[in-house]
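Colleague: Here it is, the structure, as structure tokens.
The values are calculated or read from the model by the stated rules, or taken from the named source; none is laboratory data. Keep in mind that what you see is a predicted model, and the values were worked out from it rather than measured. Reconstructed Cβ throughout: ideal geometry from the backbone, glycine too, with neighbour counts over all protein chains shown. We work out accessible area using only protein heavy atoms, side chains counted, and drop any ligands, DNA or RNA first. Shrake-Rupley method; radii C 1.70, N 1.55, O 1.52, S 1.80 Å.
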Amino acid sequence: MAGLSIDAEALDDIGWNAVLDALARRCATERGEALAKARGFAAGPDEARVRIEEISEARRLLAVNAPLSFAGVTDVERAAGRAEKGAVLAPEELVAVADAARGIARLGRHLSRCGDEAPRLAERAPALPDLGHVYGPIHDAFEPGPRLADHASDALGGLRRRVAALTAELEARARNLLGDPDLSPHLQDRFTTQREDRYVVPVKAGAQASVKGIVHGTSQSGQTVFIEPEAIVDLNNRVVIAECDVAEEERRILAELSAYVGEEAQAVCAGVDAATELDVVSAAARLAEDLDASPPAIAPGAALSLKGARNPQMVIASRACVANDIEVRDRSLLLISGPNAGGKTVALKTAGLAIAMAHAGLHIAADPGSSLPWLSAVHTHLGDAQNLDRDLSTFSAQVVAFGQFLARGDASTFLLLDEVAVGTDPEQGAALAQAVLEALADRGVSGIVTTHYERLKALATADDRFANASVGFDIDSMQPTFKLHLGLPGSSGAFAVARRIGLPEAVVARGEALLGEAGAGVEQLLGDIARERDAARAERSAAEDERASAERARAQVEAEAKRLREERRRVEEAEDAAAVAALRRAREEIDRVRAEVRKADRQADIAAAEGRLDRAARRLAVQAKARQQSSAGDGASTAPNPDVLEAGTEVYVSGLGGRGRVVERPKGQRVTVQLGALRTQVAVGDLRLDPGGHSASGGGARPLGGDGGAARTAGGGAAKTAAESAARSEGGQSPAIRTPDSTLDVRGHRVHEALAELDRFIDRSLLAHIDAVFVLHGHGTGALRRAVREHAAAHPAASAWSAASPEDGGDGVTVISLDVGE
């Protein structure tokens with residue numbers, strides 16, 4: 001498939017060169033600028049889509065502050081080519097090649113790391129070789145200047161030091177000669193200088209014969225002769241020889257480094273080419289950002305649908321630009337009418353630039369969701385095309401263009417025609433224009449045409465291959481609105497403008513009379529439609545402003561609610577931390593008391609320790625209950641949102657007067673809950689999130705064991721046998737749900753270790769609002785089981801215990817109900 005065909009004059013007419021200039025200005029390299037200005041159209045839609053996607057990826061890299069960098073990349077192809085042919089490059093050329101090669105390698109590594117954000121661009125990384133074996137030695141060999149460093153070779157530093165030593169000796173010898181009594185009387189001045197890189201002294205012209213040495217020249221006046229004294233000739237020679245040795249070593253080094261470049265000249269040039277292409281991609285991404293552009297959808301046969309399109313030439317020039325929707329169906333012509341200077345031509349050029357940019361693989365100055373057809377050609381006729389050399393008037397030039405359009409037009413071409421068939425009799429021009437447009441429509445041509453002809457405005461009412469659009473003009477302010485209105489023709493507004501400017505009313509009225517009642521009526525109707533449309537738009541804009549204001553207020557309320565929730569969460573976390581610290585201190589006291597009990601020899605001491613233990617346990621339970629009641633908060637009196645109800649959520653069922661747990665997530669407004677041995681479905685509205693607000697003794701089912709289950713208050717202790725028999729009287733079954741978070745495994749522990757671990761586990765469970773825990777002790781001899789159950793019967797925070805259900809472990813597991821009520 002061939003690329004878009006559009007002649008250079010047409011491209012200039014729509015402003016394409018301004019877009020390319022803007023693209024070039026955003027390039028980082030001179031080669032990139034040249035390539036941007038010569039940017040051509042893609043050969044097919046697939047190629048255009050690849051270009052567009054690469055620009056999208058480059059924009060993503062800009063967004064994450066990882067832009068493509070082209071530091072050091074310059075046009076070094078000529079230098080690399082000379083090195084390939086064996087030339088020795090100058091230091092400046094070598095450093096430029098090394099900088100470019102390093103920049104290319106850095107760019108390649110960057111792209112390789114950006115595979116997630118820019119997969120297409122990352123595929124270009126292999127074209128950017130890392131020639132470290134070329135640029136590394138070059139950079140190592142040079143100092144700023146550039147100047148070869150002393151360490152550039154093993155010999156260079158020593159040779160330079162020899163030159164410096166000989167030069168210092170020579171300068172000292174020359175200064176001593178200035179004070180020689182045999183020489184000083186013949187000197188013109190007391191200084192040494194250099195002629196032809198050799199040290200000389202200024203001798204009076206008349207005393208030349210008195211000074212032995214070599215003459216190296218005279219002053220412009222002829223009064224001074226510069227003589228190299230015989231005493232320093234040999235030392236001068238030695239300095240020159242040493243300098244030649246340095247120059248030869250430097251040339252050898254430059255030749256060696258140039259050979260490195262020559263061996264990789266092709267790779268260097270290929271890397272520069274690849275970097276140049278990426279430079280244009282990066283520039284296109286920056287241009288897209290500046291235009292607030294978006295990637296268009298492209299497909300053969302698609303409609304031209306531009307959302308919020310802006311003229312990029314105006315945006316680039318920082319001129320005010322009104323965004324417009326432009327819609328052109330496939331194989332149809334959009335007829336734009338309205339007053340002069342209202343924006344008809346701008347809309348036409350905006351569409352033309354969008355087509356050109358899309359076919360060149362650029363993002364377009366329009367909102368997301370815009371689409372364009374893939375075309376073979378765009379034909380234009382903009383402005384006054386009269387040509388005196390060819391004896392063509394404005395109208396004649398248009399007729400010639402019409403013939404070309406008809407000869408070349410088909411379903412894959414797009415037409416941009418400004419002020420069709422002007423420059424002749426209006427009625428005849430309108431009729432010819434209609435005939436030409438109908439013939440183009442017969443050929444399947446799509447396009448945009450601007451006109452003032454009423455005949456053409458009426459086309460859309462009888463032929464669905466045509467559609468109307470209009471631009472607005474504010475008569476009161478005498479300013480165009482530049483807003484394009486699809487579906488309605490526009491009034492030219494000549495009489496209204498004349499009145500507004502101040503043309504005598506009699507003249508305007510006479511003009512309207514000459515136009516006739518029908519013509520004036522049409523103008524009046526179009527004007528009324530435009531005013532009603534503007535009023536409706538103003539009302540819609542006001543409603544949108546009100547809605548936006550309401551949205552902002554809602555967002556502010558939500559933000560404040562979120563802030564309050566966060567503040568409450570921080571407070572609760574702080575309270576949690578304080579509660580945990582208090583519980584830890586109480587538990588340490590319990591552990592210390594138990595240790596004293598084990599060490600005590602007398603029964604009285606044991607009794608005293610048990611009393612202290614009970615008091616500490618009571619404080620622990622009170623603190624845990626206080627934290628649970630605080631956490632219940634203000635949600636106890638309101639029905640929960642179904643979204644917060646999960647399996648295991650503690651709830652109070654107001655209709656049944658008891659507490660229970662959610663078994664599974666709600667289905668609609670019904671939810672299954674477990675209350676003791678009872679499992680039932682209730683309405684979500686009957687639930688309250690109130691883990692500590694209703695006592696089970698008020699008639700609701702207990703978490704464990706029912707009314708006949710083993711139970712005790714924090715202030716008393718039921719005997720083991722009574723508790724066991726009470727629990728078993730209900731069948732030893734527990735309705736509590738066993739989870740990893742509610743299960744403690746104490747198998748293999750000694751009794752005192754198991755009980756200490758159980759106390760800590762109960763502490764954590766109370767803080768987590770878990771009202772039943774499962775203690776896995778196994779069967780064994782029964783000693784550990786009895787100890788656990790006796791401890792549960794005496795624990796201030798335990799309200800009941802029972803053996804677990806068979807599926808949860810039976811008599812090898814004890815279920816302890818924790819008192820989370822008030």
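Colleague: Enumerate the helices (runs of 4 or more DSSP H) found wholly within the stretch 52-135, keeping only those where 2 or more residues are open to solvent by 10 Å² or more (accessible area, probe 1.4 Å) and more than 28 Å from Ala358 (Cβ to Cβ). Working first, answer last.
Modeller: Working: elements: 77-84, 91-113, 119-122.
Qualifying helices (runs of 4 or more DSSP H): 77-84, 91-113.
Colleague: For the stretch 797-808, check the following and say yes or no: at least one residue is of a type in the set (Asp, Glu) and without any contact (Cβ under 8 Å) to a residue 40 or more places away in the chain. Steps first, answer last, please.
Modeller: From the stretch 797-808, those of a type in the set (Asp, Glu) are 807-808; that's our starting set.
So of that shortlist, the ones also without any contact (Cβ under 8 Å) to a residue 40 or more places away in the chain come out as 807.
Yes.
Colleague: The conditions are (1) surrounded by fewer than 20 Cβ atoms within 10 Å (Cβ to Cβ); (2) in contact (Cβ under 8 Å) with a residue 12 or more places away in the chain, and Ser318 fails exactly one of them. Which is it?
Modeller: Every condition holds for Ser318 apart from (2).
Colleague: Let me ask something else. Hey, among the residues in the stretch 287-315 that are open to solvent by 40 Å² or more (accessible area, probe 1.4 Å) and under 20 Å from Ala18 (Cβ atoms), which one's nearest to the chain's Cα centre (by Cα)?
Modeller: Glu289
Colleague: Grab the strands (runs of 3 or more DSSP E) fully contained in the stretch 757-822, keeping just those with 2 or more residues being within 20 Å of Thr739 (Cα to Cα) and of a type outside the set (A, V, I, L, M).
Modeller: Values: elements: 772-776, 798-803, 813-818.
The qualifying strands (runs of 3 or more DSSP E) are 798-803, 813-818.
Colleague: Given the criteria open to solvent by 10 Å² or more (accessible area, probe 1.4 Å) and among the hydrophobic types (A, V, I, L, M, F, W, C), does Ala149 qualify? Spell out the reasoning first.
Modeller: Working: open to solvent by 10 Å² or more (accessible area, probe 1.4 Å): no; among the hydrophobic types (A, V, I, L, M, F, W, C): yes.
When the stated conditions are applied, Ala149 does not pass them.
Colleague: Could you say whether any residue in the stretch 344-351 is modelled with pLDDT of 95 or more and small (Gly, Ala, Ser)?
Modeller: Yes; the residues of the stretch 344-351 include at least one that is modelled with pLDDT of 95 or more and small (Gly, Ala, Ser).
Colleague: Looking at (1) under 28 Å from Leu23 (Cβ atoms); (2) part of a helix (DSSP H, G or I); (3) at pLDDT below 95, which one does Val240 not meet, given that it meets all the others?
Modeller: Just one mismatch for Val240, condition (1).
Colleague: How many residues does the stretch 235-266 hold that are among the hydrophobic types (A, V, I, L, M, F, W, C), open to solvent by less than 30 Å² (accessible area, probe 1.4 Å) and under 51 Å from the mean Cα position of the chain (by Cα)?
Modeller: Of all residues in the stretch 235-266, those among the hydrophobic types (A, V, I, L, M, F, W, C) come to 235, 239-242, 244, 246-247, 253-255, 257, 259, 261, 265.
With open to solvent by less than 30 Å² (accessible area, probe 1.4 Å) added as a condition, the list becomes 235, 239, 242, 246, 253-254, 257, 261, 265.
Next cut, under 51 Å from the mean Cα position of the chain (by Cα) only: 253-254, 257, 261, 265.
Number satisfying all stated conditions: 5.
Colleague: Return only the number of the condition from (1) among the small types (Gly, Ala, Ser); (2) closer than 30 Å to Val64 by Cα; (3) in contact (Cβ under 8 Å) with a residue 40 or more places away in the chain that Ala122 does not satisfy.
Modeller: (3)
Colleague: I'd like the full set of residues that are outside any strand (DSSP E or B) and surrounded by 12 or more Cβ atoms within 10 Å (Cβ to Cβ), limited to the stretch 213-234. Spell out the reasoning first.
Modeller: First pass over the stretch 213-234, keeping only residues outside any strand (DSSP E or B): 219-223, 230-234.
Correct list: Ser219, Gln223, Ala231, Ile232, Val233.
Colleague: For the stretch 24-51, which residues satisfy the criterion of being farther than 24 Å from Val97 by Cβ, open to solvent by less than 60 Å² (accessible area, probe 1.4 Å) and outside any helix (DSSP H, G or I)?
Modeller: Arg39, Gly40, Phe41, Ala42, Ala43, Gly44
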